[in-house]
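I have placed the structure first, in the form of C-alpha cells, so that the comments after it can refer back to it.
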Amino acid sequence: QFEALLRWRHPQLATLRPDDFIEIAEEHGRMPELTRFIAESAGRFMASCTHHARPVRVAINVSPVELRQWHVANNHLDQILESHPFATQLGIEIAESALMQISDSVLGKLSRWRDGGLRLAIDEFGTGYSSLAYLHRFKFDYLKIDRSFVREITHSSDALHIAETICVMGRSLGAQIVAVGVETRDQLHVLQDLGCDFAQGFLFSRPEPAASFLGETWPDYSAQLARHDV
C-alpha cells in the first residue's frame, strides 16, 4: 500500500510541502480541485501498476474542511468515489484532530463507502485529543501512530507507553496499526515488540516519484498542479 504525498514544484519557490500551501488552499476554496487532482493522479498510478501486474492500494489525505462540507448533496468527494475506476483500491486518511468535526451524515457516508471496499485510516493518532466515543462510532481499518511518538520511542518511557496503548486499543477495535516516521532499526524493533502491523519512514524509503516504482517514464503531474496557482 502507498500513501500519496503531495509536493508542489513551484517555479520560483522550489519544492513546497503541504504545510506550506494546504491552509491557503482551504481558505480560498481550492481543496476540491486539489483533492480531485490527487485522486486522479493516484488512479493513473494504480492503473499503471495494474497494467504491470502489480496492483496496489493508494491512500489519500482528506482535509477537515472537506469533511465538514461532505454533507452537501453531490459533493465532489461523492463524485470522485462514484466515478473513480479504482475506488475499491483507494484509501482515505483523516487526521485524528478532524474526527470530532465529522457530522453523523458524513459518518454514514464513510461507513457506506467502507462497506464497498474503501479503506479508512486515522492519521496522526495521539495528537488530536479525540473522544473515545468518536472512535467507537467511526469504523476504521488503520490507526497510524504519530511520528512524534515514534521519534522518541527508544529513549522516552512516555512515548513508549503511549505507542503501546495505541497498539492495544487499535487491535481491540479491530484495526491494524501503522507507525509513521520510522527512521532507525531500533525504533522498528521496539514497534515490532509492541505488535505494530506496518511501518513507514526513511528507514525503508524516502518519498519518491511514481516512476521510481514503475520503472518507466511517468507524466509530470506537478506541472499541472503548478498551473492551478493554488
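No value in this document is a laboratory result; all are computed from the given coordinates. Computed from a predicted model, the values in this text were never measured in an experiment. Because the Cβ atoms are built from the backbone with ideal geometry, glycine has one as well, and the counts that use them run over all protein chains shown.
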When the dipole is taken about the Cα centre of the chain, and only Lys, Arg (+1) and Asp, Glu (-1) are charged at their Cβ, what size is it in debye, to the nearest 20? 520 debye
Under a plain spin-label model, where a point goes 7 Å from the Cα along Cα-to-Cβ, how far apart in nm are L173 and Y134? 1.0 nm
Applying a 10 Å radius around every beta-carbon, put 38-44, 1-7 in order of their mean neighbour count, most first. 38-44, 1-7
Modelling each spin label as a point 7 Å along the Cα-to-Cβ direction, I'd like the S83/L5 distance in nm, to one decimal. 3.0 nm
How big is Rg to Rh over region 90-170, alpha-carbon atoms, Rh as the Kirkwood inverse-mean-distance radius? 1.01
Distance (nanometres) between label positions extended 7 Å along Cα→Cβ at D197 and L13: 3.7 nm
Kindly work out what percent of the DSSP beta bridges joining two residues of the chain are antiparallel, to the nearest 5. 10 percent
Based on the Cα gyration tensor of the chain, what are the three equivalent ellipsoid semi-axes, each the root of five times an eigenvalue, rounded to whole Å and given largest first? 27, 23, 18
Kindly identify region 35-172 as rounded, prolate or oblate by the Cα gyration tensor criterion: order the square roots of the eigenvalues as a ≥ b ≥ c, call it rounded if a/c is under 1.5, otherwise compare a/b with b/c, prolate if a/b is larger, else oblate. oblate
Per q in 0.12, 0.16, 0.25 Å⁻¹, report the Debye log10 I(q)/I(0) for region 1-98, using one uniform scatterer on each alpha carbon and no solvent. -0.42, -0.73, -1.42
